[in-house]
1. Can you work out which of the residues in region 92-102 that are assigned to a helix (DSSP H, G or I), surrounded by fewer than 16 Cβ atoms within 10 Å (Cβ to Cβ) and in contact (Cβ under 8 Å) with a residue 40 or more places away in the chain is farthest from the chain's Cα centre (by Cα)?
2. Of the numbered conditions (1) part of a helix (DSSP H, G or I); (2) of a type outside the set (F, W, Y); (3) within 20 Å of I92 (Cβ to Cβ), V23 fails exactly one; give the number of that condition.
3. For region 56-74, check the following and say yes or no: at least one residue is in a loop (DSSP other than H, G, I, E, B) and either touching a Phe, Trp or Tyr at 6+ places or on another chain (Cβ under 7 Å) or closer than 18 Å to I32 by Cα (or both).
4. Please find, within region 27-46, the residue that is farthest from P57 (Cα to Cα) out of those that are surrounded by 16 or more Cβ atoms within 10 Å (Cβ to Cβ) and of a type outside the set (A, V, I, L, M).
5. Looking only at residues that are aromatic (F, W, Y) and more than 14 Å from G30 (Cα to Cα) in region 76-91, which one is surrounded by the fewest Cβ atoms within 10 Å (Cβ to Cβ)?
6. Specify the residue that is farthest from the chain's Cα centre (by Cα); the eligible residues are those in region 56-75 that are of a type in the set (S, T, Y) and within 13 Å of S31 (Cβ to Cβ).
Amino acid sequence: IRKGLVVMAFIAVLLALSIPSVVKLWYVIGSIIVPGILLPFLMTFTKMKLNDRKIIPTLLIPVITAVSWFYYGKIIGHYPGNIEPFYPGMFISIVLIGIWKK
C-alpha cells in the first residue's frame, strides 16, 4: 500500500507540474482514463463477460494508447488529424472487446 501511495503521489505531482490548469487537468485525465473503463463498465449491464485474463489488457491497452497519443501530440505540437486522445483509446477498446467477445 505504501508503494502504491508513493507512485500515486509521484503521478499527481507530475500531472500538476505538467498541466497547471485544473480544468485542463480534469479534461486530460478524462480523455486518457475513460477509454479504458467506459466499455468494460457498460459490459457489467449485459450478459457479455470477459474472462480474467482478458479484462486487464482491455482496461490497460486503451489507456496506454490514449497516453501515447497525448504525448505524441505534445511532442509534435498537435494531435495527428486533430483527433483527441479519447478517440484512439475508445477505438482500441471497441476493437479489443469485439475480438475477445467471440
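1. The residue in question is W100.
2. (3)
3. Looking for residues that are in a loop (DSSP other than H, G, I, E, B) and either touching a Phe, Trp or Tyr at 6+ places or on another chain (Cβ under 7 Å) or closer than 18 Å to I32 by Cα (or both), one finds none in region 56-74, hence no.
4. S31
5. Kept after step one, since they are aromatic (F, W, Y), are these residues of region 76-91: 79, 86-87, 91.
Then drop every residue that is not more than 14 Å from G30 (Cα to Cα), which leaves 79, 91.
Values: Y79: 16, F91: 14.
Selected residue: F91.
6. Y71
Computed from the coordinates by the stated procedures, all read-outs in this text should not be read as laboratory data. Here the structure is a predicted model, which is why all the values come from computation and not from measurement. Cβ atoms come from the backbone with ideal geometry, glycine included; neighbour counts cover every protein chain shown.
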